[in-house]
Amino acid sequence: MSLSTHNVSVGYHGQAIVKNVSLTLPEGKIIALLGPNGCGKSTLLKAMARILTPMGGEIHWQGNNLHSTPSQYLATQLALLPQTQPIPEGIKVKDLVAYGRSPYTGFWGRLTKEDHKIIQQAMEQAGVTELSEQFVSELSGGQRQRVWLAMTLAQDTPYLLLDEPTTYMDLNHQVELMNLFKTLNEAGKTIITVLHDINQAARYCNHLVVMKAGEIITQGEPESVLTKELLESVFSVTAQIHTDPVAHTPMCIVE
Amino acid sequence: MKTLLSSFLLALLVAFIVALSLSLGAVSLSFEQILSGFDASSEFYFTIHEYRLPRSILAILVGGMMALSGALVQGVIRNPLASPDVLGVSQGAGLAAVILMTIFPSVSIFWLPWAALSGGIIAALFLWFLCGSHSGAIKLAITGVAMAALYSSAVDFLMLTKPLEVNNALLWLTGSLWGRGWNQITMLLPWLVLIPFAFSLAKRLNLIGLGDDVATSLGTSISMTRLWALTIAVGLTASCVSICGPIGFLGLIAPHLARRLVGGRHQVLLPCTMLVGMVILLLADLVARIINPPIELSAGIMTAIIGAPYFLWLLFKVR
Amino acid sequence: MKNVLKHLTILLLVCFSAFSHAITIKDSKGSFTIKETPKRIVVLEYSFVDALAIVGISPVGIADDKDKERIIKPIRDIIDDWQSVGTRSQPSLETISSLKPDLIIADMDRHEGIYKDLQKIAPTLILPSRRETYTRLLEASAIIGKVVNKDQEMQTRLAQHKNTMAEYAQQLPKGIEVQFGIALENYISLHPGKSYSGTVIQALGMMTPDSIKDQKASVRSGLEQLLSINPKHFIIGQYNDNNILKVWQNEFLWNLLSAVKSKQIYFMDDPNVWSRARGIIAAEIIAQDLIRLLNQPK
């Protein structure tokens, strides 16, 4: 398996938020990291994207320590879409998406025909083609989120790591995004995303990892993970589990 | 295409202002007289070859270098209000110059640039020592501004307690091209090697603009890029300040105007920022020379007159 | 034979000097040589204008801050009109060059940094002026006399000046403590012991307050500082009415000043000569002012 953590503790300012987590992420799946606020799901994601260095334990990529693997190479393997992004001044959408190609371009960042093709495709997938000549600073929050997604897609990596990608999006764009994950997944990409919405995760993802207080509580297929007891113990809610009438996936309804 | 046109027009503007600078001044010269000024036997030789020409060249060098330094700092600090001033380099250079003047009042003022240069570099090293290479951009900027304020007040203190000795330093602190010539140009030339290094950071600066997380995920080392960019910026600023004194707001305004003209891609932004910086400093010096001849004002005062309102406008816009 | 050679050499030297006025003197940067008597002189400090005026030479350019009034009237009356070459701190080099001077007289304090540039325009004599003492400026005047080939006139004038000053000294009380200051908007600028006016006061047989006797640059003083210096006789120059005295005269501390208590405080309009002009004419005017002020009925 490509990405795995081994007794990883990670956090900020010497304070561990993720504690001693060992986890193997199944390749070729859409994986959701779930859990209440502050459980460490985003922190774990950042550690896997090598933004944060573990205080203890190791994260492995293809069996080697992730944090001693050349960063330039990893940039062609793992792409990250963070929860919030700065707004770069004077940058057009097409420029920003093109930056996703940097791991492949030379020192001056010149783009090849192939690069242009991938950029075009990424913009189409994220539905931002018509925005391409606009400045990023002029876009709405949801539009911007999709532009950044296009940039991440242009990075063209087998693994995609996303931190609450649906936050600023309208419902229709959320649905589009989750469907896009399916398409990408079918094309062979592994998607690891932090999600807030348990029902969204259960419907669109095929592997759920549930965390609480920095530890992994359970993981597996939505059908086996999503139980009345789990919702009670992790999210402190009393809920019923029903089957989604459309997708036939489990869904919870809070009592 | 648009960026290419903008750059071409800017370069044309630089050439035009240089021509104006050669022609205008306390005495106005015709085209023929300017040409004759390159001949050592001409009566205009001093005015053209020894005065206006070196001054224009110096304005081009200093304008370009200070502006480039500003673009690098804004690139890594990711704040539109950032400029080389937030590193405390100019103020450190000023303090060193004033200290030299007070402790060794008998020392020739030809040592002033060297003292200023070391002061600027020491200030940068001190900032680096205080912050470390892994600290965030904001911490760096705040520490830098605090240090800059400290150096400025030390300068004020020395000026009040030792008014006699600091007078030459005071004149130099207003940022002027007056009285500088070929010698100073020679002193600046070695620092031009920093420019290709700065350009080589263009791609990485683009990625830094996307935030630390994304830049890392795209394979860029944040701390290395920041260290390089700031080191180059410090070298550019310190060398310019040591020659001309701090020319306020140049490093702030030039990258801003350039960004509005050609956008934020550093491959285009960096060279265009330099052109804009050249235009600003050439104009400032020209106006300082011809506004009320034979009175010479400081180019630094001119840039401050344009720069201060611009800075306030930015402040309101950014909030 | 030896004697013949010696006589021949002397003869040659005499002939040589008759044809050329080549003069070598020491200025602040070392040896200065000028081959011919200069005709077009540009001066960059006021004291040098004074030195030229007393031997009847008019400079073609003066760094007068573009304000002819900066040159005091007694000097303005002597010399012909001149062209401004800008400020003393940053004179316009291209204006100086356009005047095609054959001698530039510059100030060591202000112009050392552009000395090399000035030399490219014309032979440059660099001498002390700013923040220098009365004695040093007399020496500088003597050097200027030599360089402009008016040594005789200069020596005569200097001797005459010495006598004049001695006469003035007779008319002044001996050994009293006198302080000069200029009332500005927020403070009084005191001219201390090593300033030009301070040294003129001393040359006239009087004293300046001890506490600031070794300072050259003017001392910014508030009321409390002034009280601690507490000069016995206090001369205050005022450019206009808009100065700090209006405020201070209503303060309690003001009346504690011994000069105020003993009514040895003197007010003077137009202190331009005292504050800016330096040189022989300026020194004589300062002496006349002192006689007028210190001997006025109380």
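The values are calculated or read from the model by the stated rules, or taken from the named source; none is laboratory data. Just so you know, these numbers come straight off a predicted model, no measurement behind them. Quick reminder, even Gly has a Cβ in these numbers, built from the backbone with ideal geometry, and neighbours come from all protein chains shown.
Taking the listed residues C:ASP65, C:ASP102, C:ASP107, C:ASP50, the one that is surrounded by fewer than 21 Cβ atoms within 10 Å (Cβ to Cβ), in the same structural domain as C:SER28 (by TED's automatic domain parsing) and closer than 28 Å to C:ILE285 by Cα is C:ASP65, with no other qualifying. Residues that are more than 14 Å from chain B (Cβ to nearest Cβ), outside any strand (DSSP E or B), crowded, with 16+ Cβ neighbours inside 10 Å and of a type in the set (Val, Ile, Thr): does segment C:175-194 have at least one? So far as segment C:175-194 goes, no, none of its residues is more than 14 Å from chain B (Cβ to nearest Cβ), outside any strand (DSSP E or B), crowded, with 16+ Cβ neighbours inside 10 Å and of a type in the set (Val, Ile, Thr). Exactly one residue out of A:GLN125, A:GLN120, A:GLN134 is polar (S, T, N, Q), closer than 18 Å to A:GLY100 by Cα and within 14 Å of another protein chain (Cβ to nearest Cβ): that is A:GLN134. The set of residues from segment C:216-237 being part of a loop (DSSP other than H, G, I, E, B), within 12 Å of another protein chain (Cβ to nearest Cβ) and crowded, with 19+ Cβ neighbours inside 10 Å comprises C:LYS216, C:SER218. Of the listed requirements (1) modelled with pLDDT under 90; (2) under 22 Å from B:LEU171 (Cβ atoms), B:SER133 misses just one: (2).
Remark: A:GLY56 falls outside the filter, which requires a residue to be on the phi > 0 side of the Ramachandran plot, at pLDDT below 95 and in contact with a strand residue (DSSP E or B) (Cβ under 8 Å, 6 or more places away or on another chain).
Every condition in (1) outside the structural domain of C:ASN230 (by TED's automatic domain parsing); (2) more than 30 Å from C:LYS100 (Cα to Cα); (3) crowded, with 21+ Cβ neighbours inside 10 Å holds for C:ASP117 except the one numbered (2).
Listed by position, the strands (runs of 3 or more DSSP E) inside segment C:22-140 whose residues that are of a type outside the set (A, V, I, L, M) and more than 14 Å from every other protein chain (Cβ to nearest Cβ) number at least 3 are C:23-27, C:30-34. Summed over segment A:81-117, the residues that are surrounded by 16 or more Cβ atoms within 10 Å (Cβ to Cβ), at the interface with chain B (Cβ under 8 Å from one of its Cβ atoms) and of a type in the set (Ser, Thr, Tyr) give a count of 2. Restricting the first member to segment B:77-99 and to residues that are at pLDDT below 85, and the second to residues that are of a type in the set (D, E, K, R), the beta-carbon pairs closer than 7 Å and six or more apart or on different chains are B:PRO80/A:GLU89. Which ones in segment B:289-311 are aliphatic (A, V, I, L, M) and under 17 Å from the mean Cα position of the chain (by Cα)? Within segment B:289-311, B:ALA299, B:ILE301, B:MET302, B:ALA304, B:ILE305, B:ILE306, B:ALA308 meet the criteria.
Scanning segment B:35-54 for residues that are in a helix (DSSP H, G or I), touching a Ser or Thr at 6+ places or on another chain (Cβ under 7 Å) and more than 17 Å from B:ARG289 (Cα to Cα) yields one hit, B:SER36. B:VAL86 meets each of the listed conditions (1) within 14 Å of another protein chain (Cβ to nearest Cβ); (2) over 30 Å from B:LEU20 (Cβ atoms); (3) crowded, with 18+ Cβ neighbours inside 10 Å apart from (1). For C:GLU112, state whether it is modelled with pLDDT under 90, on the phi < 0 side of the Ramachandran plot, touching a helix residue (DSSP H, G or I) at 6+ places or on another chain (Cβ under 9 Å) and surrounded by fewer than 22 Cβ atoms within 10 Å (Cβ to Cβ). Yes, satisfied. Scanning segment A:119-130 for residues that are in a helix (DSSP H, G or I) and either in contact with a helix residue (DSSP H, G or I) (Cβ under 6 Å, 6 or more places away or on another chain) or of a type in the set (Phe, Trp, Tyr) (or both) gives A:ILE119, A:ALA122, A:MET123, A:GLN125, A:ALA126, A:THR129. The residue that is surrounded by the most Cβ atoms within 10 Å (Cβ to Cβ), among those in segment A:35-58 that are outside any helix (DSSP H, G or I) and within 14 Å of chain B (Cβ to nearest Cβ), is A:ALA49. If the condition is being under 13 Å from B:LEU117 (Cα atoms) and touching a Lys or Arg at 6+ places or on another chain (Cβ under 9 Å), then segment B:60-99 contributes only B:VAL98.
Residues in segment C:130-163 that are free of Cβ contacts under 8 Å to residues at least 40 places away in the same chain and within 10 Å of the chain's Cα centre (by Cα): C:ARG136 only. Among the hydrophobic types (A, V, I, L, M, F, W, C), without any contact (Cβ under 8 Å) to a residue 40 or more places away in the chain and either touching a strand residue (DSSP E or B) at 6+ places or on another chain (Cβ under 7 Å) or farther than 25 Å from B:ALA215 by Cβ (or both) - does that describe any residue in segment A:1-17? There is at least one residue in segment A:1-17 that is among the hydrophobic types (A, V, I, L, M, F, W, C), without any contact (Cβ under 8 Å) to a residue 40 or more places away in the chain and either touching a strand residue (DSSP E or B) at 6+ places or on another chain (Cβ under 7 Å) or farther than 25 Å from B:ALA215 by Cβ (or both).
Would you mind finding the one in B:GLY219, B:GLY175, B:GLY179 that is away from chain A (no Cβ under 14 Å), in a loop (DSSP other than H, G, I, E, B) and free of Cβ contacts under 8 Å to residues at least 24 places away in the same chain? None of the other options fit; the residue is B:GLY179.
Scanning segment B:37-48 for residues that are at pLDDT 90 or above and more than 11 Å from every other protein chain (Cβ to nearest Cβ) gives a single hit, B:PHE38. Condition check: under 18 Å from the mean Cα position of the chain (by Cα) and within 30 Å of B:LEU286 (Cα to Cα). Does B:VAL241 satisfy that? Yes: the conditions hold for B:VAL241.
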